[in-house]
1. Among 236, 133, which comes first, then next, by fewest other beta-carbon atoms within 10 Å?
2. For residue 78 and residue 19, calculate 0.36 nm times their separation in residues minus their Cα-Cα distance, and state this gained length in nm to one decimal.
3. Could you give P(r) for segment 3-96, binned at 5 Å from zero, as whole percent values over all Cα-Cα pairs?
4. Based on the alpha-carbon gyration tensor of segment 173-277 and its eigenvalue square roots a ≥ b ≥ c, which shape applies: rounded if a/c is under 1.5, prolate if not and a/b is larger than b/c, or oblate?
5. Could you put 36, 26, 127 in order, starting from the residue whose Cβ has the fewest other Cβ atoms within 10 Å?
6. For the chain, what relative contact order do you get, as a whole percent, if you take Cα pairs closer than 8 Å and at least 6 residues apart?
7. In nm, to one decimal, how far is the modelled label at residue 259 from the one at residue 139, with both set 7 Å along Cα→Cβ?
8. Assuming R0 = 56 Å, can you tell me the calculated FRET efficiency for the pair residue 29 and residue 160, based on Cβ-Cβ distance, to the nearest 0.05?
Ligand SMILES: [Zn+2]
């Protein structure tokens, strides 16, 4: 039950053991304009570069057209729409103000991890094996990334079995700057309806994962949690590029403690590039031309992420600091990076 903590001047709420904040208060404090999209149901907060949509009871917030998983649902208490402080910290703020969260440093080496392999076929739809398409996508992506000037390493280059912990371990050994695990999805139900890419990054400490096989919330920090804000930023850029460039359904940026993610010591994501079980999307996944397009979209997402890490560090906030005016670097147009 929601309990209004009346003593708190700005109106803090407790719900399911979490502090909740009125979205309107948070928006005002951060220079965003807030309004109803559907009274009692959906709120929108906007500034010059960002548009956030909050749906009551939703486990997602839409940020510039992309769904981003929250750890706790949006709540409505007597007409006041609330967001968990936890999600403001772990999901929303890093995407709204990426220049404060992206660690500066050039992206040079990228580790690609084609999911499954050998006796682990991954999803099987008819005679289509996921392991073959993840390998084909990885090979295409490797070529495109090398052309773009990156060093690329792969966790496998053949149809061989690789233990899950060995995959991030290779990325760690070789000091990769980014880790990208490649998969394709399948569903038992609503095969004709469920389609579109999903991009995963590590679940924040103290939260449950988005995936159905979630491990609960009492999971301690993993090595990957050290880079969780960067991984979220990276996942967002990739998901945005996939959805935009492939004109695909957006199934969101999600959180999971996948074995291949939790030991990575660099920004790490897992891409589910679409649903093999969807008759239309499956056919695309099986086509080299579509995989080439998908690789192009991933490259664009990596370049967009790289741009964030090359931004000059933001100047310390001044009094009455406006979040839209951070930075002050002469040459880099910061506005393009915020939440986009
Ligand atoms: Zn898979």
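No value in this document is a laboratory result; all are computed from the given coordinates. What you see is a predicted model; the values in this text were computed from it and never measured. Here the Cβ is made from the backbone with ideal geometry for all residues, glycine too, and neighbour counts use every protein chain on show.
1. Working: 236 29, 133 26.
Ascending Cβ contact count within 10 Å gives the list 133, 236.
2. On the way: separation 59, 0.36 × 59 = 21.24 nm, distance 1.67 nm.
Here the answer is 19.6 nm.
3. The percentages, shortest bin first, are 3, 14, 28, 28, 19, 7, 1, 0.
4. Numbers: a/c = 2.09, a/b = 1.40, b/c = 1.49.
The shape class here is oblate.
5. In increasing order of surrounding Cβ atoms, one gets 127, 36, 26.
6. Relative contact order here is 19 percent.
7. Taking the simple label geometry, residue 259 and residue 139 are separated by 2.6 nm.
8. Numbers: r = 53 Å, r/R0 = 0.94.
E between residue 29 and residue 160, to the nearest 0.05, is 0.60.
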